[in-house]
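Take a look at the structure set out below.
Where a number appears in this text, it was derived from the coordinates with a stated rule and is not lab data. As the structure is a prediction and not an experimental result, all values here were calculated from the model. As a convention, Cβ positions derive from the backbone with ideal geometry for all residues, glycine included, and neighbour counts pool all protein chains shown.
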Amino acid sequence: MTDRSRTIALVWDNYGPMHVDRGEAVQRLLGPGWSVVGIEQFGTSDTYAWVPEAGKGFRKVTVMSGEERGLGTVRKTRKLLSAISAAGAGHVVMCNYERPEVLTAATILRLRGRRLYVMGCSKFDDYDRSLRREALKSLFFLPYQGGISSGYRARDYMRFLGLPKDKVQVEYNTLSIDRIRQAAGVPPAPGGLPLARRHFTIVARFVPKKNLHMALRAYAAYLGMTQDPRELHLCGSGELEGELRALAAELGIADRVIFRGFLQTAEIAQVLGSSLALLLPSIEEQFGNVVIEAQAMGLPVILSDNCGARDRLIRSGWNGFVVEPDNPEGMAWFMARLSEDAATWTRFATNAAATAPKGDVERFAEAVARLVGAEAG
């Protein structure tokens, strides 16, 4: 019979590679005395074209098919509650707190005596906030006794929404550094591919908040600063692809901008293994998991201050640069510095690789263990 006090359910919308990393890490850290059940609400993601993964070392349960996203709140809630109850979980760690079925399920589970924890990486400065809306949002946090966030801005936002100060743990946004490096097939920078053969890389959805129009303008400015320019590789897809291709042609850079399309995580690791630096100029970015992937491969990162990953992973002038999201000339200057100054790039790459453990999935497992009061297995 399942021991409810030593069973944890990790609930996400859909289990992509990063979530599998986290489930495996929690089970690995807690050991055989604990049971970790990964519960995905839907069998496919409506945001990412991930290849479904089962995971190893923990049990994964799919509640609904992707086609069932259109079900009503009551039916979704019943299905989610049924899966969590069947798992025998006494501790439930949930994402997507804003969804009606998640809020309803969390409230019922709390009334049934379960321990509830919320996961998220939203920050107060993601966009303009309304006092009335924030007051309403704080009600959505009432079922939870603690949470896991990312960096100090997301941590403080959870506290602002009502979670006890000592019950908010970090880090939520984490990935398996070992998995990324194995998939890349080459050593992290500054090892691996010679500096002269590396290119700039962007990994992002082609949507407005990623600020990719600014990135292309920055790249055009960079081309005017150097005699030996490097290519820019864009990995992703989305509604703005046509606009971005048209802008590249208008700026006269289309022959140097490579559109790679949507890539699975192993392919991303391989692209990063041949990159000089990662660019992430987002206007709005709760975190930016690709920063972890880049640092796993020893890459310096040039990112906007809006990115949550900046809090704990980037130190400007040490392992990357921080730039304003409306400053393409500043981004171009940083690009030229890394492209042309081998000593600076080597130092930044070494420091980036040394920073990677801060984003490793073991940090998430440690946060879960602290919340549930567990000892490592």
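A DSSP coil position with no more than 12 other Cβ atoms inside 10 Å describes the following GluC sites (Glu not before Pro) in region 66-109: E98.
Amide H to amide H, with H built 1.01 Å from N, M64 comes under 5 Å of F42, G43, counting only residues 5 or more places away or on other chains. Local charge sum around I268 (other residues, Cβ-Cβ under 11 Å, Lys/Arg +1, Asp/Glu -1)? Once positives and negatives cancel, what remains is -1. Per-residue ellipticity at 222 nm computed for the chain from its helices equals -12000 deg cm²/dmol, with DSSP H segments shorter than 4 residues left out and the rest contributing -39,500 (n - 2.57).
How large is the dipole of region 177-358 about the Cα centre if only Lys and Arg carry +1 and Asp and Glu carry -1, each at its Cβ, rounded to the nearest 20 debye? The calculation lands at about 540 debye. Look at the dipole of region 177-358 built from charges on Cβ: of F206, G330, Q270, the Cα furthest out on the positive end belongs to Q270. The alpha carbon gyration tensor of region 54-128 gives principal lengths a ≥ b ≥ c with a/c below 1.5, which makes the shape rounded. The P(r) of region 274-377 has a tail past 20 Å containing 40 percent of all C-alpha pairs. When the Cα positions of L280, T344, H233 are compared along the charge dipole of region 177-358, T344 comes out farthest toward the positive end, with charges on each C-beta of Lys, Arg, Asp and Glu. Take the cross-link list K56/K76; K137/K165; K123/K167; K123/K210; K60/K137 and give me the ones stretching past 22 Å between alpha-carbons. With Cα atoms farther than 22 Å apart: K56/K76; K60/K137.
I'd like the distance between the alpha-carbon centres of region 51-129 and region 294-309, rounded to an integer number of Å. Here the answer is 29 Å between Cα centres. Remark: the chain carries a charge dipole of roughly 1440 debye about the Cα centre, counting +1 on each Lys and Arg Cβ and -1 on each Asp and Glu Cβ. 3J(HN,Hα) along region 113-127, derived from phi through the Karplus expression 6.51 cos²θ - 1.76 cosθ + 1.60 where θ = phi - 60°, amounts to x, 6, 8, 10, 9, 10, 10, x, 9, 5, 10, 4, 8, 4, 6 Hz, with x in place of Gly and Pro. If you look at the Cα atoms of region 177-358, you get an Rg and a Dmax of 14.6, 41 Å. Phi-derived couplings, Karplus 6.51 cos²θ - 1.76 cosθ + 1.60 at θ = phi - 60°, listed residue by residue for region 50-60: 5, 6, x, 10, 8, x, 10, x, 9, 8, 10 Hz, with x used for Gly and Pro. Applying Stokes-Einstein at 25 °C and 0.890 mPa s to the Kirkwood radius of the chain, computed over alpha-carbon pairs, gives a translational diffusion coefficient of 114 µm² s⁻¹. The amide H of G146, built 1.01 Å from its N in the peptide plane, has V118 as neighbours under 5 Å, considering only residues 5 or more places off or on other chains.
At 1.306 mPa s and 10 °C, plugging the Kirkwood radius over alpha-carbon pairs of region 240-312 into Stokes-Einstein gives what diffusion coefficient in µm²/s? D, rounded to a whole number, is 116 µm²/s.
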